[in-house]
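Peer 1: One structure, pasted below without further comment.
The values are calculated or read from the model by the stated rules, or taken from the named source; none is laboratory data. This structure is a prediction, so every number in the text was calculated from the model and none was measured. Here the Cβ positions follow ideal geometry from the backbone for every residue, glycine too, while neighbour counts run over all protein chains shown.
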Amino acid sequence: MRKRKPDDIWITPPEAAAEIRVDPCVVRNWIEKGELIASNVADSSAHRPRWRIRRLDFDLFLESRRPQPRLPVPRRRPAPAKYEYQYFKD
């Protein structure tokens, strides 16, 4: 049996949705917006699309949506007082 490369593995939107625990409609919306690359494997007589997502494209999509670590904000020291007014003498 031939070993499958990651390029040969295709998943459906419901399978992708189950993996990341979202509704399949969310995955289809990502496809329709062009955020997630998918192929329509339905024939021309079909009235609705049958999407298939390449496993590699899905993994790249998830990686691109991973939150980036926040860089620490440098803390500024307070500016030294330029003038000190002394209204009352000690």
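Peer 1: Residues that are more than 25 Å from ALA18 (Cα to Cα) and without any contact (Cβ under 8 Å) to a residue 60 or more places away in the chain: does region 49-69 have at least one?
Peer 2: Narrowing region 49-69 to residues more than 25 Å from ALA18 (Cα to Cα): 69.
Then drop every residue that is not without any contact (Cβ under 8 Å) to a residue 60 or more places away in the chain, which leaves 69.
Among the residues of region 49-69, at least one is more than 25 Å from ALA18 (Cα to Cα) and without any contact (Cβ under 8 Å) to a residue 60 or more places away in the chain, which makes the answer yes.
Per-residue answers, yes or no, for (1) assigned to a helix (DSSP H, G or I); (2) in contact with a helix residue (DSSP H, G or I) (Cβ under 9 Å, 6 or more places away or on another chain); (3) at pLDDT below 95; (4) not small (Gly, Ala, Ser):
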site: MET1; (1), (2), (3), (4): no, no, yes, yes
site: ASP7; (1), (2), (3), (4): yes, yes, yes, yes
site: PRO14; (1), (2), (3), (4): yes, yes, no, yes
site: VAL22; (1), (2), (3), (4): no, yes, no, yes
site: ILE31; (1), (2), (3), (4): yes, yes, no, yes
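Peer 1: While we're looking at this one, here's another question. Quick one: how many residues across region 50-78 are within 19 Å of TRP10 (Cα to Cα) and of a type in the set (A, V, I, L, M)?
Peer 2: So the count comes out to 4.
Peer 1: Within the bounds of region 49-62, is there any residue that is part of a loop (DSSP other than H, G, I, E, B) and either within 30 Å of ARG28 (Cα to Cα) or of a type in the set (A, V, I, L, M, F, W, C) (or both)? Reasoning before the result, please.
Peer 2: Here is the first cut: in region 49-62, the ones part of a loop (DSSP other than H, G, I, E, B) are 49-50.
Okay, now just the ones that are also either within 30 Å of ARG28 (Cα to Cα) or of a type in the set (A, V, I, L, M, F, W, C) (or both), so 49-50.
Yes, region 49-62 contains at least one residue that is part of a loop (DSSP other than H, G, I, E, B) and either within 30 Å of ARG28 (Cα to Cα) or of a type in the set (A, V, I, L, M, F, W, C) (or both).
Peer 1: Just give me the residues in region 15-49 being small (Gly, Ala, Ser), under 14 Å from the mean Cα position of the chain (by Cα) and surrounded by 10 or more Cβ atoms within 10 Å (Cβ to Cβ), in sequence order. It would help to see each step written out before you state the result.
Peer 2: Going through region 15-49, the residues small (Gly, Ala, Ser) turn out to be 16-18, 34, 38-39, 42, 44-46.
Checking which are under 14 Å from the mean Cα position of the chain (by Cα) leaves us with 16-17, 34.
Across region 15-49, the qualifying residues are ALA16, ALA17.
Peer 1: May I pose another question? Mind listing whichever residues of region 25-49 are closer than 14 Å to TRP10 by Cα and either among the polar types (S, T, N, Q) or in contact with a Ser or Thr (Cβ under 9 Å, 6 or more places away or on another chain) (or both)? Give the derivation first.
Peer 2: The initial filter retains those residues of region 25-49 that are closer than 14 Å to TRP10 by Cα, namely 36-41.
SER39, ASN40, listed by residue number.
Peer 1: Going by the conditions given, is ALA42 touching a residue at least 40 places away in the same chain (Cβ under 8 Å) and of a type in the set (A, V, I, L, M, F, W, C)?
Peer 2: Details: touching a residue at least 40 places away in the same chain (Cβ under 8 Å): no; of a type in the set (A, V, I, L, M, F, W, C): yes.
Against the criterion (touching a residue at least 40 places away in the same chain (Cβ under 8 Å) and of a type in the set (A, V, I, L, M, F, W, C)), ALA42 does not qualify.
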